[in-house]
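Shown next, in structure tokens, is the structure this report addresses.
Derivation of every value follows stated rules applied to the coordinates shown; laboratory data play no part. Keep in mind that this is a model prediction, so the values were computed, not measured. Virtual Cβ from ideal backbone geometry, glycine too; neighbours counted across all protein chains shown.
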Amino acid sequence: MNSQKVGILGGGQLGRMMVEAASRLNLSVTILDAPVDAPAKQIESTQNHIQGAFNDAAKITELASQVDVLTVEIEHVNADVLAQIEQEGRVRVCPSAFTVKTIQDKYNQKKYLESHGIPVAEYREIKDADAVKQVAKEFGYPLMLKSKTMAYDGKGNYVVKSEADVEKAVAALSKTPLYAEKWAPFVKELAVMVVRRANGEIRSYPVVETIHKNSICHLVIAPAQIDGSVAVKAQKIAENAIKSFPGAGIFGVEMFVMADGEILLNEIAPRPHNSGHYTIEACETSQYENHMRAILDLPLGSTAMKVPASIMVNILGENSDMEACYKPCQAALLAEGATIHLYGKKESRAGRKMGHITLVGESMMQVQKNLKPILDEIEPGVE
Ligand code: ATP
Ligand code: MG
Ligand code: MG
């Protein structure tokens, strides 16, 4: 389809699903990641993948020397090296190094979004425990203490419930610089995937609802079962947020909806996103294929759903026992409209994303009914 070679920084499940989409288009993809058997490397045998860290300058330069376009499946990469490569001009970097660098620091990301008129929860930079106590006078408790950098799956967040938690919270997050966010008493969490081509064309996917358990995404309900006017507002905010950043590619936009319908943007991911896995089975073009199309400057595909309803459930490791991951998959083998995605991770750990299952159907009720036996294996006894 395209002679340009793609290099991906990171070889986890998002990289793996990018490779799946790329392979259907005869595109060649080279992966940079430390494990020899990283999930994305396992399924692309035509390339000599690079063994190394995605923040190692020399390794990124090595990858760049072999490809025409560089992209990321994780934002915690060495963005300064990406900026250099971008400046040299031979290799295109998607999304742009500036975008990755701005987004990878959640405090800078918030400042940037705020300066572009995007609604976000109030936030303050935090230097020490005293600063948290000062901010609490303004924000009240609970408040959310957050790591500026290297955050994922809620690691890097600490709910400060009262002044008694402050020292503990600051100590727990001491490895990274911090900021505090005012508590957002949301009624729902929403997400929208937005894709942009280099020529500026933007398309967004339907608004979905995300349900988190212990700060890790558990379920994604597509389309979100919300008032149409709230959905329109969420989609507009997501599109405006992405328009404010340069560069081509797919972006995940996480949002909170308040009781009065107000929407706050939580954060952006400059890459495919867990809330967009459902697009593989439920949309005309998946987030992964549209990412590939966007970074290669090919026409974007339709982002519309091709089924009335879909729910995605994550399969998280419970402990080192892989069997726990297979139980919901066995139930999914018997469920109508279910597709199993296992990521090929060799070790299971508590809370680690090991796979996901997407169900599609003619109605949300039907999908919920078919999901029930799968959920029973994931959370026995929970109704
Ligand atoms: P991800 O894995 O999505 O990158 P992350 O580690 O960067 O997550 P956040 O998205 O900042 O973390 O927060 C994780 C979850 O914590 C949110 O989805 C939401 O449920 C909750 N949360 C975050 N910020 C707030 C807030 N200000 N008020 C209330 N809840 C919050
Ligand atoms: Mg995050
Ligand atoms: Mg998040």
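Summing Lys, Arg as +1 and Asp, Glu as -1, what charge do residues with Cβ under 14 Å from the Cβ of A331 carry, A331 excluded? Neighbourhood net charge equals -2. Computed from backbone phi, the HN-Hα couplings of segment 8-21 come to 10, 7, x, x, x, 5, 5, x, 4, 6, 5, 5, 4, 5 Hz, rounded to whole numbers (Karplus: 6.51 cos²θ - 1.76 cosθ + 1.60, θ = phi - 60°; Gly and Pro given as x). Partners of K110 within straight-line reach, counting aspartates and glutamates whose Cα lies under 17 Å from its Cα and excluding those fewer than 8 residues away in the same chain: E75, E122, E125, E181, E239, E254, E267.
Helix-only arithmetic for the chain: the sum of -39500 (n - 2.57) across DSSP H runs with n ≥ 4, divided by the residue total, places the mean residue ellipticity at 222 nm at -9500 deg cm²/dmol.
For segment 180-264, what's the relative contact order in percent, using C-alpha pairs closer than 8 Å and at least 6 residues apart?
Numbers: 140 pairs, mean separation 34.0, N = 85.
It rounds to 40 percent for segment 180-264.
Diagonalising the gyration tensor over the Cα atoms of the chain and scaling each eigenvalue by 5 before taking the square root yields semi-axes of 29, 27, 22 Å, largest first. Taking the Cα centroid of segment 17-89 and of segment 341-383, what is the distance between the two, rounded to the nearest whole Å? One Cα centre to the other: 30 Å.
In this Cβ point-charge picture (+1 for Lys and Arg, -1 for Asp and Glu), the chain has a dipole of about 460 debye about its Cα centre.
Within the chain, antiparallel bridges make up roughly 80 percent of the DSSP beta bridges whose residues both belong there. Averaging 1/r across all pairs of distinct Cα atoms in segment 162-222 and inverting the result yields a Kirkwood radius of 15.3 Å.
With a sphere of radius 12 Å drawn around the Cβ of Y278, what net charge do the other residues whose Cβ falls strictly inside it have (Lys, Arg +1; Asp, Glu -1)?
Working: positive: K306; negative: E209, E281.
Local charge sum for Y278: -1.
If you keep only loop residues by DSSP, which trypsin sites (Lys or Arg not before Pro) in segment 72-111 have at most 13 other Cβ atoms within 10 Å of their Cβ? Provide the component values of the computation, followed by the final result.
Numbers: sites: R90, R92, K101, K106, K110, K111; in loops: R90.
The qualifying sites are R90.
Across segment 275-292, rounded Karplus estimates of 3J(HN,Hα) from the backbone phi angles (6.51 cos²θ - 1.76 cosθ + 1.60, θ = phi - 60°) give 6, x, 4, 4, 5, 4, 9, 9, 10, 4, 9, 6, 4, 6, 5, 5, 5, 4 Hz, Gly and Pro being marked x.
List the pairs from K155/K182; K101/K213; K188/K306; K161/K213 whose alpha-carbon separation is above 20 Å, in the order I gave them. Violating the 20 Å Cα-Cα cut-off are K101/K213; K188/K306. Note on D260, D297: ascending count of other Cβ atoms within 10 Å places them as D260, D297, the fewest first.
Amide H contacts for N266 (H built 1.01 Å from N in the peptide plane; partners 5 or more residues away or on another chain; cut-off under 5 Å): E254, M255, F256.
Per residue, how big is the convex hull around the C-alpha atoms of segment 202-276? Give it to me in cubic angstrom, could you?
Working: hull volume 6.9 nm³, N = 75.
Value for segment 202-276: 92 Å³ per residue.
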